[in-house]
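S.K.: Sharing a structure below in structure tokens format, with a few things to ask.
The values are calculated or read from the model by the stated rules, or taken from the named source; none is laboratory data. All figures in this text were calculated on a predicted structure; none of them were measured in a lab. Cβ placement follows ideal geometry from the backbone for every residue including glycine, while neighbour counts extend to all protein chains displayed.
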């Protein structure tokens, strides 16, 4: 699942290697664009419009949930993370990419800086176990797992 998929920048490559890929966004326009981009590249994706507080998928059906610069935008993180746990298979992974460090130019546009420790704390509070954190430029990839 690509949560907060936007135009499908990551959804399409994921769909080319996964047996099932779900593009999730709150914006119908972004889902339309993601679907169009998937069709153009020959990828098959499912579309799901939700803010994450109620995800209409069966329990234990998702292996991986991926968020790229979206976590900081989630208003009700505890509820959304609870939904992620519910739909995730045992030993599933949650991969959150967020900007955790400043760049050379602090005024440059882009996602806000969010404290990596805060992301980890919220994951653990929701019931995930931290698998690892990976620095990537000004970002961190925080990977949680469901036991």
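S.K.: Out of segment 82-100, which residues are touching a strand residue (DSSP E or B) at 6+ places or on another chain (Cβ under 8 Å), farther than 22 Å from residue 135 by Cα and surrounded by 17 or more Cβ atoms within 10 Å (Cβ to Cβ)?
M.R.: The answer is 84, 87, 88.
S.K.: Moving to a separate point now. Which residues, taken from segment 83-103, are under 11 Å from the mean Cα position of the chain (by Cα) and part of a helix (DSSP H, G or I)?
M.R.: Hit for segment 83-103 is 84, nothing else.
S.K.: Let me ask something else. If you go through segment 1-23, how many residues are in contact (Cβ under 8 Å) with a residue 40 or more places away in the chain and part of a helix (DSSP H, G or I)?
M.R.: Total satisfying the criteria: 1.
S.K.: Condition test on residue 129, is it assigned by TED's automatic domain parsing to the domain that holds residue 2 and surrounded by fewer than 18 Cβ atoms within 10 Å (Cβ to Cβ)?
M.R.: no
S.K.: Residues 80, 120: which one is assigned to a helix (DSSP H, G or I), within 15 Å of the chain's Cα centre (by Cα) and closer than 19 Å to residue 27 by Cβ? Lay out the reasoning, then the answer.
M.R.: Details: 120 fails: closer than 19 Å to residue 27 by Cβ.
Result of the check over 80, 120: 80.
S.K.: Would you be able to tell me the number of residues in segment 24-52 that are outside any helix (DSSP H, G or I), surrounded by fewer than 17 Cβ atoms within 10 Å (Cβ to Cβ) and touching a helix residue (DSSP H, G or I) at 6+ places or on another chain (Cβ under 7 Å)?
M.R.: Final tally of qualifying residues: 2.
S.K.: When you check residue 114 against the structure, is it farther than 22 Å from residue 11 by Cβ and either modelled with pLDDT under 95 or assigned by TED's automatic domain parsing to the domain that holds residue 13 (or both), yes or no?
M.R.: Yes: the conditions hold for residue 114.
For (1) modelled with pLDDT under 95; (2) surrounded by 13 or more Cβ atoms within 10 Å (Cβ to Cβ); (3) within 19 Å of residue 126 (Cα to Cα); (4) assigned by TED's automatic domain parsing to the domain that holds residue 134, each residue gets a yes or a no:
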position: 13; (1), (2), (3), (4): no, yes, no, no
position: 22; (1), (2), (3), (4): no, yes, no, no
position: 54; (1), (2), (3), (4): no, no, yes, no
position: 65; (1), (2), (3), (4): no, yes, yes, yes
position: 71; (1), (2), (3), (4): no, yes, yes, yes
position: 76; (1), (2), (3), (4): no, no, yes, yes
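S.K.: If you go through segment 53-74, how many residues are in contact (Cβ under 8 Å) with a residue 12 or more places away in the chain and farther than 19 Å from residue 142 by Cα?
M.R.: Initial filter on segment 53-74 (in contact (Cβ under 8 Å) with a residue 12 or more places away in the chain): 53-55, 57-74.
Those still in the list that are farther than 19 Å from residue 142 by Cα too: 53-55, 57-61.
So the count comes out to 8.
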